[in-house]
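Down below is the structure, laid out as C-alpha cells.
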Amino acid sequence: MIFRPLLAVTLLLLAACGEKKEASSAPDAGKNALPGRSVARSGGEEDAPDARVALRASFDQASGEQDAAAREKILESVAWDALDVDPELAREAFTALTPDSESSRRMVGHFAMRLADENPERAIEWARALEQKEERSDAFGRIAVVISATDPAAAAALVSEEMTAGPPRDRAVVQVIQRWSQAAPADAAAWIAAFPQGAARSAGLKAVAAAWLGSDPTALAAWVEAREEGPVRTEAVLAVADALRAAPPEARPARLGSFKDPTLRKQLESILSQPPP
C-alpha cells in the first residue's frame, strides 16, 4: 500500500480547522450522497465515543472485505465520517484507499475545496505536491472553482497552467467561465477563445454567450463580428444561436438585431430556423 503522508497530514489539519462545512462537493451532501451511505454525526461529546467505536468497526470490516469495490466504498465512508470525530482513523482510512482510484480522487477533490475555503494559497501549494497525476489535476480543478468566486482570472490561470487536458479540466473551465462571464465577459471570452479546439472551448463559448447576450448583446455581437473566419468564429456563432434559443421569445428580435453584420445575422437566422441539434 502506497502511503501518502502529505495528504494524510492535510486531512488532520483540515479536521483541526473546525466543524466540517456542508459543501456540495462532499460525497454525502444531500442529493449527491453516495448510495447506501449514512453519515455519522456527533450530537455532542457524549456521542463521540460510540461514533468512534462504530467507525473503527467499519474500518476493520473493510480490512476483511474481499470485494475491492465494496472495500473502497467502506473506506471512503469511514474517511469522510471520521474526519471530525476521529481524525487519526480518517487518516488511516484514506491511506488505505487505492491511490488514484475513483474513491481516492473524490476524497482529494473534497479536501481540496475545503482547504481552498480556508486558505487558497496553502491549497495550491498542497495540490502541487500531490503524487498522483490525476488526483493533482482534480484538486486544482476544485481549488479553481472555489477561487473563481472572488478572483475568476486567477482561477482561469490555475486551470490553464496546472491542469492536464481531460474531462476534469473541461468541467473546471466551464465552471470558471460561468462565474467570470458575469463580471467580465470580454476577458472570459478572450481566455476561452485561446483554448485549442475541443469540448472545453465549445462549452466555454456557450457559457460566455449565454451570460453576455443577456447583459450586453451589442458588445457580444461586436466581439463575434471581430473574429476572423475560422473555427473560433464558427463555434461562437453556434454558441450565440444556442443562447438566442434559450432567451425569452419576446427578447430574441432585439438581441438578434444587435448583430449589425448582415451576413452574420443571416447566418444566425438560418441556424435558428432549423431544429435544435
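The values are calculated or read from the model by the stated rules, or taken from the named source; none is laboratory data. Predicted model only: the values in this text are computed from it and were never measured. Every residue, glycine as well, gets a Cβ built from its backbone with ideal geometry; the counts of neighbours run over all protein chains shown.
Restricting attention to segment 137-193, which residues are in contact with a Ser or Thr (Cβ under 6 Å, 6 or more places away or on another chain) and of a type in the set (Gly, Ala, Ser)?
Correct list: Ser137, Ala155, Ala188.
Could you tell me which of the residues Ala203, Ala155 is over 29 Å from Asp261 (Cβ atoms) and either modelled with pLDDT of 95 or more or within 16 Å of the chain's Cα centre (by Cα) (or both)?
Result: Ala155 is the single residue among Ala203, Ala155 that is over 29 Å from Asp261 (Cβ atoms) and either modelled with pLDDT of 95 or more or within 16 Å of the chain's Cα centre (by Cα) (or both).
Restricting to helices (runs of 4 or more DSSP H) lying wholly in segment 227-277: which have 2 or more residues that are of a type in the set (D, E, K, R), over 17 Å from Leu205 (Cα atoms) and out of contact with any Cys (no Cβ under 6 Å at 6 or more places or on another chain)?
In segment 227-277, 252-257, 262-272 are the helices (runs of 4 or more DSSP H) which contain 2 or more residues that are of a type in the set (D, E, K, R), over 17 Å from Leu205 (Cα atoms) and out of contact with any Cys (no Cβ under 6 Å at 6 or more places or on another chain).
Considering segment 106-120 alone, what residues qualify as being out of contact with any Ser or Thr (no Cβ under 9 Å at 6 or more places or on another chain) and either charged (D, E, K, R) or free of Cβ contacts under 8 Å to residues at least 24 places away in the same chain (or both)?
Asp117, Glu118, Asn119
Listed residues Glu228, Glu235; which is within 26 Å of the chain's Cα centre (by Cα), closer than 22 Å to Gln197 by Cβ and among the charged types (D, E, K, R)?
Glu235
Where the second residue is surrounded by 13 or more Cβ atoms within 10 Å (Cβ to Cβ) and hydroxyl-bearing (Ser, Thr, Tyr) and the first is on the phi < 0 side of the Ramachandran plot and lies in segment 220-232, which pairs have Cβ atoms under 6 Å and are six or more apart or on separate chains?
Going by the 6 Å Cβ cut-off, the qualifying pairs are Ala221/Ser258.
So if I check each of Arg105, Arg171, which one is modelled with pLDDT under 90 and under 15 Å from the mean Cα position of the chain (by Cα)?
Arg105
In the list Glu88, Glu72, Glu92, Glu65, which residue meets the criterion of being assigned to a helix (DSSP H, G or I) and surrounded by fewer than 17 Cβ atoms within 10 Å (Cβ to Cβ)?
Every option except Glu88 fails the conditions.
Could you give every pair whose Cβ atoms fall below 6 Å, whose first residue belongs to segment 247-268 and is farther than 16 Å from Ser215 by Cβ, and whose second residue is outside any helix (DSSP H, G or I), counting only separations of at least 6 or pairs across chains?
Arg265/Phe259
Condition (residue is under 23 Å from Arg171 (Cβ atoms) and without any contact (Cβ under 8 Å) to a residue 12 or more places away in the chain) applied to segment 145-153: is it met by at least one residue?
yes
Go through segment 95-110 and count every residue that is assigned to a loop (DSSP other than H, G, I, E, B) and of a type in the set (Asp, Glu).
1
Exactly one condition in (1) over 25 Å from Gln175 (Cα atoms); (2) surrounded by fewer than 24 Cβ atoms within 10 Å (Cβ to Cβ); (3) not acidic (Asp, Glu) is not met by Ala82; state its number.
Single failed check for Ala82: (2).
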